[in-house]
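Structure first, then comments.
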Amino acid sequence: MERPGSILTAALALAAAATAELRAADVYLGESLRQLGATVLPAQKGDRAGSERHGGAGKPTLYAERDRDHVLVDGVKVMLSEPVGLLKGRLTVARVDYDKVLVPLFWRTAERKAVRRIMLDPGHGGNDPGKQHAKYNEKTVAFDTAVRVKAALEQQGFEVLLTRSKDASLDLPARPALAGKFAADLFVSIHYNSAGTNDTTSEGIETYCLTPPGTRSTNVAKGKADVSAEPGNRFDARNLQLAWCVQRQLLARTRGEDRGVRRARFAVLRTLPCPGILIEGGFVSSRREGALIGTPVYRQQVAEAIAAGIAEYARAVQPAGR
Ligand SMILES: [Zn+2]
C-alpha cells in the first residue's frame, strides 16, 4: 500500500505535468510536421503507447516513440540530438532536430547544380591498416569496396575520383582537401567497424554525417560534448539527406542491423567543401559479419547499395527542369 506522502507527490507531479509549458528549445512533433506537409497517420500493429506516426502522399513516414534517442524515417533509424519528449499527451522533439532532421527529410529542395562528380574515400591505407580481422585489414576491404562503388556509379554516368588509388598513407585532413581541389559535388568515406575486445557479436551498419553546431555527437556522453561549428556545417541538410538515402539502401540490400544515421565531428567531415558522409559497412570484429565482409559478394552488395543511395540522393536534389 502506498503512503499518503507518495500519493501527494504523485498528484503534484501530475498537476505540474498538466500545466507544464513547452520549452523554447522544443517543438511539438505533430504540429511541426504538419507545417512540412505531413499528416497524422493511424497507429499500426506493434506501435507502442506514447508513439506517433506522421507522413502522407509524397512524404516519408516517420515513427517516433517517447524517450527514444531516434526516430524511424521510412523505417530507417535517424539519431536525434535529444530524446523524444512527451507533453500534454503529445510528442515533442528538440527544435534543432526539427531544423536538422525533419526539415531536410520532409521538405526537399533542389540544388542549383546537378550532382556529377563524386569523391570516394577508402578509409586508412599504407602504414595505417585500420581495423584488423584474422584474414584481412580494413584498409584493403574499404579500398575494394570503393573500387566497386566507382564502377557502379560510372555505369550510371557519374564521374568518380578516389582519395587514394592504391595502398598509400593519406592524412585525414588531406582527404576533404582533395574534395576541394577536384571540386567534388559529394564526398563519401568508406570504412568497416570494430567492437571492443572480446565482443564478437556486435554488428550492423552506421552512416555518419557531421554533427550540427551546438549539438552532441551520437557517440559522445552528454555534458562532455564538443558543440563547435565547422565549415562542413553549411551542408547540414544535404549531409543528412545523403546519409539517410545511403543508410536506407545499405539496409535494404545487406539486410544488416540498423545502427542508424549518426552524427560525428570526424576529421574527414569537418572541413568538407561539399556534402559528405562516412559509412561503417559492418563489424570486422563480429564472427558472422566479419566473415561476410571478407567475401566479394558482401562487398559488392555494400558497394551497389552505396551507389544506389548516392544516385537516389542525386535525383532527389536534381535542379528543376532537368
Ligand atoms: Zn576505419
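All of the numbers you see were taken from the coordinates with simple rules; none came from a lab. Owing to the predicted nature of the structure, the values given are computational and were not obtained by experimental measurement. Positions of Cβ are backbone-derived with ideal geometry, glycine not excepted, and every protein chain shown enters the neighbour counts.
Key figures for this structure:
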quantity: Segment 140-150 - phi-based ³J(HN,Hα) in whole Hz, Karplus 6.51/-1.76/1.60, Gly and Pro as x; calculated: 6, 6, 5, 5, 4, 5, 4, 4, 5, 5, 4
quantity: Antiparallel bridge percentage (DSSP; both residues within the chain; nearest 5); calculated: 55
quantity: About the Cα centre, charge dipole magnitude for the chain (Lys/Arg +1, Asp/Glu -1 at Cβ), debye; calculated: 420
quantity: Vicinal HN-Hα couplings computed from phi for segment 263-280 (Karplus, 6.51 cos²θ - 1.76 cosθ + 1.60; Hz; Gly/Pro x); calculated: 10, 8, 9, 5, 4, 6, 9, 4, 10, 4, x, 8, x, x, 9, 10, 9, 10
quantity: Order of C274, C209, C245 under a 10 Å beta carbon neighbour criterion, fewest first; calculated: C274, C245, C209
quantity: Residues T197 and L36, FRET efficiency given R0 of 41 Å [Cβ-Cβ distance, rounded to 0.05]; calculated: 0.40
quantity: Where only C-alpha atoms are counted, convex hull volume of the chain per residue in Å³; calculated: 172
quantity: Segment 73-180: radius of gyration and largest Cα-Cα distance (Dmax), Å; calculated: 19.5, 58
quantity: Under-5 Å amide H pairs with K77, H placed in peptide plane, nonlocal only; calculated: G260, V261
quantity: Inter-label distance, nm, simple model (7 Å from Cα along the C-beta direction), L87/V227; calculated: 1.7
quantity: Most to least packed among 305-314, 37-46, 162-171 [average Cβ atoms within 10 Å]; calculated: 305-314, 162-171, 37-46
quantity: From phi via Karplus (6.51, -1.76, 1.60), per-residue ³J(HN,Hα) for segment 153-165 in Hz, x at Gly/Pro; calculated: 6, 5, 4, 8, x, 7, 9, 10, 10, 10, 5, 9, 9
quantity: Most mobile of R270, R116, R216 in a GNM of the chain (Cα contacts under 10 Å); calculated: R116
quantity: By average C-beta atoms within 10 angstrom, highest first, the peptides 61-70, 48-57; calculated: 61-70, 48-57
quantity: Amide H partners (placed H, <5 Å) of L86, local residues excluded; calculated: T92
quantity: Global geometry of segment 149-196, whether rounded, prolate or oblate, following the gyration tensor of its Cα atoms and the 1.5 cut on a/c; calculated: oblate
quantity: Expected 222 nm ellipticity per residue - DSSP helices of 4 or more, -39500 (n - 2.57), all of the chain, to 500; calculated: -10000 deg cm²/dmol
quantity: Nitroxide proxy distance, nm - points 7 Å out along Cα→Cβ at E111 and E159; calculated: 1.3
